[in-house]
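A quick write-up on the structure given underneath.
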Amino acid sequence: MTLLRPRSAAEALKLYAQSPGALPLAGGTDFMVAWNAGLANDRVVLDLAGLEAWRRIAATKTTITIGALATHADIQRHTAVRRHLPLLVEACAMVGGLQIQNRGTLGGNIANASPAGDTFPPLAVYDAEVELASARGRRRVPFGSVFAGVKKTVLEPGELIAAIHVPVPRRPTRALWRKVGTRAAQAISKTMAAGLLWLARDGTIAELRFALGSMAPTVRRLASVEAHVKGRRPDRELAREAAALVARDVAPIDDIRSTAEYRLAVSQNLLASFLTRET
Amino acid sequence: MKRLSLRVNGTLQRYDGPPFTRLIDVLREDWGLTGTKEGCGEGECGACTVLLDGKPVNSCLIPVCHAAGRKVQTVEALGTPGKLAALQEAFLTEGGAQCGICTPGMLMTAWAYVKKGGSDDPGAIRRELAGNLCRCTGYQHIVNSVASAVRKQRRSRAAKRR
């Protein structure tokens with residue numbers, strides 16, 4: 001194994017351009033499992049531990065910028081994140097246990113692109129953007145477009161996740177985060193839901209944002225449902241209609257953790273009860 | 001390879017092997033600190049928990065180079081058989097240990113929790129210990145042990161203020 005240990009972002013991007021086959025290492029909570037299994041023996045490792053600047057979380061009136069190397073624990077502690085992005089805070093508190101939250105980073109979570117990434121449904125409903133950096137420059141990708149499939153991202157060779165930008169949302173009428181798994185902690189989810197709902201003065205739905213995780217190769221916003229409910233009253237009839245549309249935007253599977261049927265039914269129930277305020 | 005130094009249980013330790021050796025292996029094999037146990041080796045069970053700069057981490061997932069220049073505390077920092085720490089006494093009197101494999105990790109996570117002034121609320125303790133699995137399933141007694149240590153610390157702090 002060859003170990004590259006840059007001390008700055010510029011140096012890291014230069015080294016990565018020279019060795020695009022290198023494995024970037026952040027908190028190591030996924031990487032070290034592969035390393036311990038001997039899967040990284042012959043690889044070049046780009047250790048990002050020296051990039052302190054990429055660990056910062058900064059907030060303005062309109063945007064919260066979370067450095068890719070901020071840990072799940074850092075995110076939970078940050079005052080502006082707690083105030084404006086409570087669903088992300090709740091999700092970070094359900095990633096593994098305390099030990100994983102103290103080491104695992106948000107950028108690493110995204111880069112590993114698990115269909116079950118706990119932070120993804122909140123980032124999807126918060127309309128986050130992912131800032132990618134390479135020696136050639138920087139670009140921003142909407143959160144929903146960063147994943148290319150199971151464990152795959154649209155990152156190009158030599159590109160690293162530098163930061164996640166989240167627009168400060170106006171205060172929703174109600175919000176939902178729910179992880180459904182075998183056990184509260186450590187378990188990988190069967191399904192996960194994040195929702196934000198804004199009601200107009202007349203009680204109709206001004207906007208709904210609803211995302212599901214573990215229900216498709218990547219996190220999914222329920223575009224059909226979101227469009228259907230706009231301008232309607234959030235009553236039981238609408239909840240039934242919305243639930244019937246969920247399957248259009250997801251593709252759940254049977255696997256070791258659950259079945260497609262169960263996943264869909266629970267997700268439909270989470271959506272319906274969120275709309276009618278029964279959660 | 002560059003020499004690394006770590007402050008382990010208050011003592012400066014030097015290390016000059018491969019930088020990607022797991023922290024748990026360096027602790028146990030290079031420095032003989034065998035109190036730290038390995039369970040799953042994948043960050044699922046928390047048996048190998050140590051404190052890195054005061055925070056619980058899985059030592060099986062930390063390359064030793066990431067601990068360079070930092071403070072590491074293992075269960076050996078808590079107490080000795082002749083002079084147990086209050087938290088260890090609590091585990092002893094409340095029956096918080098059965099087979100013992102999870103105990104060093106439980107103690108380290110719980111120690112960080114007690115030190116930061118955690119409450120004796122069983123729900124809060126369970127959330128904090130969620131990353132530590134006990135295959136004997138002795139959770140109730142472990143939670144009781146931690147709650148008892150929290151209350152004891154509170155009493156002794158109150159007594160000092162008086």
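The values are calculated or read from the model by the stated rules, or taken from the named source; none is laboratory data. As the structure is a prediction and not an experimental result, all values here were calculated from the model. Every residue, glycine as well, gets a Cβ built from its backbone with ideal geometry; the counts of neighbours run over all protein chains shown.
From the list B:Val146, B:Val57, B:Val72, the one residue that fits, being outside any loop (DSSP other than H, G, I, E, B), in contact (Cβ under 8 Å) with a residue 40 or more places away in the chain and assigned by TED's automatic domain parsing to the domain that holds B:Arg14, is B:Val72. Against the list (1) modelled with pLDDT of 95 or more; (2) in contact with a helix residue (DSSP H, G or I) (Cβ under 6 Å, 6 or more places away or on another chain); (3) away from every other protein chain (no Cβ under 14 Å), the condition B:Gly79 fails is (1). The condition (being surrounded by fewer than 16 Cβ atoms within 10 Å (Cβ to Cβ) and either polar (S, T, N, Q) or assigned to a helix (DSSP H, G or I) (or both)) is satisfied by just one residue among A:Arg7, A:Arg82: A:Arg82.
When segment A:16-52 is filtered for residues that are more than 8 Å from every other protein chain (Cβ to nearest Cβ) and charged (D, E, K, R), the ones remaining, listed by number, are A:Asp30, A:Asp42, A:Arg43, A:Glu52.
Matching residues to (1) surrounded by fewer than 19 Cβ atoms within 10 Å (Cβ to Cβ); (2) outside the structural domain of A:Leu51 (by TED's automatic domain parsing); (3) in a strand (DSSP E or B):
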{"residue": "A:Ser189", "(1), (2), (3)": "no, yes, no"}
{"residue": "A:Leu208", "(1), (2), (3)": "no, yes, yes"}
{"residue": "A:Val246", "(1), (2), (3)": "no, yes, no"}
{"residue": "A:Ile253", "(1), (2), (3)": "yes, yes, no"}
{"residue": "A:Arg257", "(1), (2), (3)": "yes, yes, no"}
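When the criteria are applied in full, A:Ala116 meets the requirement of being outside the structural domain of A:Ala194 (by TED's automatic domain parsing), closer than 16 Å to A:Val219 by Cα and surrounded by fewer than 21 Cβ atoms within 10 Å (Cβ to Cβ). Of all residues in segment A:1-15, those that are closer than 21 Å to A:Asp42 by Cα and away from chain B (no Cβ under 12 Å) have Cβ atoms under 6 Å from Cβ atoms of residues that are aliphatic (A, V, I, L, M) and part of a helix (DSSP H, G or I), 6 or more apart or on another chain, in A:Pro6/A:Ala12; A:Pro6/A:Leu15. Which members of segment B:112-125 meet the condition of being touching a helix residue (DSSP H, G or I) at 6+ places or on another chain (Cβ under 6 Å) and part of a helix (DSSP H, G or I)? Residues satisfying the conditions are B:Tyr113, B:Val114, B:Pro122, B:Ile125.
Listed by first and then second residue, the pairs linking a residue in segment A:84-112 that is without any contact (Cβ under 8 Å) to a residue 12 or more places away in the chain to a residue that is buried (at least 24 other Cβ atoms within 10 Å of the Cβ) and of a type in the set (A, V, I, L, M, F, W, C), with Cβ atoms under 6 Å apart and 6 or more places separating them unless they lie on different chains, are A:Gln99/B:Val57. Return yes or no: is A:Ala53 part of a strand (DSSP E or B) and loosely packed, with under 14 Cβ neighbours inside 10 Å? No. Just one of the listed residues (A:Leu196, A:Leu222) is buried (at least 22 other Cβ atoms within 10 Å of the Cβ), outside the structural domain of A:Thr29 (by TED's automatic domain parsing) and within 30 Å of A:Ala133 (Cβ to Cβ), namely A:Leu196. Looking only at residues of segment B:26-53 that are within 10 Å of chain A (Cβ to nearest Cβ) and not hydrophobic (A, V, I, L, M, F, W, C), we find that the one that is farthest from B:Ala67 (Cα to Cα) is B:Glu44. All conditions in (1) closer than 24 Å to A:Thr2 by Cβ; (2) of a type in the set (Ser, Thr, Tyr); (3) within 14 Å of chain B (Cβ to nearest Cβ) hold for A:Thr71, with the sole exception of (1).
In this entry, B:Gln73 passes the filter for residues that are of a type in the set (S, T, N, Q), within 14 Å of chain A (Cβ to nearest Cβ), more than 26 Å from A:Met1 (Cβ to Cβ) and buried (at least 17 other Cβ atoms within 10 Å of the Cβ). Taking B:Leu133, is it within 21 Å of B:Ile62 (Cα to Cα), out of contact with any Ser or Thr (no Cβ under 6 Å at 6 or more places or on another chain) and hydrophobic (A, V, I, L, M, F, W, C)? Spelling it out, B:Leu133 is indeed within 21 Å of B:Ile62 (Cα to Cα), out of contact with any Ser or Thr (no Cβ under 6 Å at 6 or more places or on another chain) and hydrophobic (A, V, I, L, M, F, W, C).
The residues listed here are B:Arg22, B:Arg14, B:Arg7; of these, the one that is touching a residue at least 24 places away in the same chain (Cβ under 8 Å), charged (D, E, K, R) and over 24 Å from A:Ala34 (Cα atoms) is B:Arg7. Of all residues in segment A:95-148, those that are of a type in the set (A, V, I, L, M) and within 14 Å of another protein chain (Cβ to nearest Cβ) total 3.
For segment A:121-142, name all the residues that are more than 27 Å from A:Lys179 (Cα to Cα) and assigned to a strand (DSSP E or B). Selection gives A:Leu132, A:Ala133, A:Ser134, A:Gly137, A:Arg138, A:Arg139, A:Arg140.
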